[in-house]
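The values are calculated or read from the model by the stated rules, or taken from the named source; none is laboratory data. Everything numeric here is computed off the predicted structure, so don't read it as measured data. When we count neighbours, we look across all protein chains shown, and the Cβ atoms used for this are built from the backbone with ideal geometry, even at glycine.
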Amino acid sequence: MLAVGFAVVGVAGAASAHHNTINASVVCKTGGGWSVTWRVENSETVSETIRASNRAAVPVGSRLTSRQVRTFGETITTKPTADVTLRLDARWDNGNTNTSYGTIAKASFTDDCVVKTVQPPTIPVVDDCGPGNAHYGQVPSGPWTSTTNADGSVTVTTTSGTQFPNGATSTTYPAPTDSNEPCPTPPVVPPAPPVPPVPPVEPPVATPPVLAPPEVLPAEARVVSARARKIDKCGTRGDVYKVVKRSGVVYTSKGKVLRQGVWLKAGAARITVRAHATDASYRLEGKRQWRMTFRTRPCAQAPEVAPSTGQR
């Protein structure tokens, strides 16, 4: 039971006549709804038989012996819009009959017992190049708490008043499978050929100096542009960055070639990304270096919806 409800007293016949005293209590039922317990007491030392009942909780034909108190339970799943009443028609073995009532006020069926069903969150997976480094990213915010287990799995548990489909209150996501994709080796960029020295110009001064010819790019060189972006979340765990996938471009950070087109975990407060042409048949145009700074401010409140990372 999740919460204690209200106890109510039933209405019966006159105290001097044969009657049943009917009381009831209401509590929240695990998984949603209300659990009602009806308490029926025989006023006489003579046994009785229930001959009519307006609620299935107390079956017709039920017997109560001398001064006996019996309890009957039922579950109500839909919040009542009016008071709930139990009516019992009884006949005692000495021939006397009576109709007794017990009523529960509709206010006893509180909204606290209504359990909302929510869908489990979708947790992004971060899998940088290299073996054995796949892990879950930040768990989206919602009516739940999360725990990262020692084996890399994550358990998400619903908060009070909510549940997952089929009445589950927790679900565990198994540790993500690493792609074990190796990191590409950065290409060797050949050094630029040395420019021959310009011989000194003899007088007269009016003779123009001989200048080195400008660098001539191969006629077939293709012009490409590189791009990089970042997402700076609160804390550090959710900080990610991505380089745009381009033919003819290689991105590196600290000498390590970066995977293109996927979100990569930052792992540091400052990251420098550099772009290189793969060979002489390509020429970079525009920005070639990005200095990214990630703030380490603590999270005041998790975002309602995590940004798309391109991963499933």
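In the set Thr147, Thr117, only one residue is under 21 Å from Ser35 (Cβ atoms) and under 42 Å from the mean Cα position of the chain (by Cα); that residue is Thr117. Only residues that are in contact with a strand residue (DSSP E or B) (Cβ under 9 Å, 6 or more places away or on another chain), touching a residue at least 40 places away in the same chain (Cβ under 8 Å) and assigned to a strand (DSSP E or B) were counted in region 255-270, giving 3. Please work out if Asp112 is charged (D, E, K, R) and over 30 Å from Thr75 (Cβ atoms). Answer is no for this residue. Within the option set Val189, Val156, being outside any loop (DSSP other than H, G, I, E, B), farther than 30 Å from Asp89 by Cα and in contact (Cβ under 8 Å) with a residue 12 or more places away in the chain holds for one residue only, Val156. Residue pairs whose Cβ atoms lie under 7 Å apart, separated by 6 or more positions or on different chains, with the first residue in region 65-86 and touching a residue at least 60 places away in the same chain (Cβ under 8 Å) and the second loosely packed, with under 15 Cβ neighbours inside 10 Å and part of a loop (DSSP other than H, G, I, E, B), are Leu86/Asn54.
Results for (1) more than 33 Å from the chain's Cα centre (by Cα); (2) crowded, with 16+ Cβ neighbours inside 10 Å; (3) not charged (D, E, K, R), shown as yes or no for each residue.
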| site | (1), (2), (3) |
| --- | --- |
| Thr71 | yes, no, yes |
| Thr77 | no, no, yes |
| Thr85 | yes, no, yes |
| Asn94 | yes, no, yes |
| Thr97 | yes, no, yes |
| Ser100 | yes, yes, yes |
| Ala107 | yes, no, yes |
| Thr110 | no, no, yes |
| Cys113 | no, yes, yes |
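Residues checked against (1) within 29 Å of the chain's Cα centre (by Cα); (2) crowded, with 17+ Cβ neighbours inside 10 Å:
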{"position": "Arg227", "(1), (2)": "no, no"}
{"position": "Lys233", "(1), (2)": "yes, yes"}
{"position": "Asp239", "(1), (2)": "yes, yes"}
{"position": "Ser253", "(1), (2)": "no, yes"}
{"position": "Gly261", "(1), (2)": "yes, no"}
{"position": "Leu264", "(1), (2)": "yes, yes"}
{"position": "Ala269", "(1), (2)": "yes, no"}
{"position": "Arg283", "(1), (2)": "no, no"}
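Tell me which residues, restricted to region 153-183, are surrounded by 14 or more Cβ atoms within 10 Å (Cβ to Cβ) and of a type outside the set (S, T, N, Q). If the condition is that a residue be surrounded by 14 or more Cβ atoms within 10 Å (Cβ to Cβ) and of a type outside the set (S, T, N, Q), then Val154, Val156, Gly161, Phe164, Tyr173, Ala175, Pro176, Asp178 are the ones that fit. For region 36-80, how many residues meet the condition of being within 30 Å of Lys116 (Cβ to Cβ), among the polar types (S, T, N, Q) and at pLDDT 95 or above? Matching residues across region 36-80 total 1.
I'd like to know if region 127-139 contains one or more residues that are closer than 30 Å to Lys29 by Cβ and modelled with pLDDT of 90 or more.
To start, the set of residues in region 127-139 that are closer than 30 Å to Lys29 by Cβ comprises 139.
Cutting the leftovers down to modelled with pLDDT of 90 or more gives us 139.
Checked region 127-139: at least one residue is closer than 30 Å to Lys29 by Cβ and modelled with pLDDT of 90 or more.
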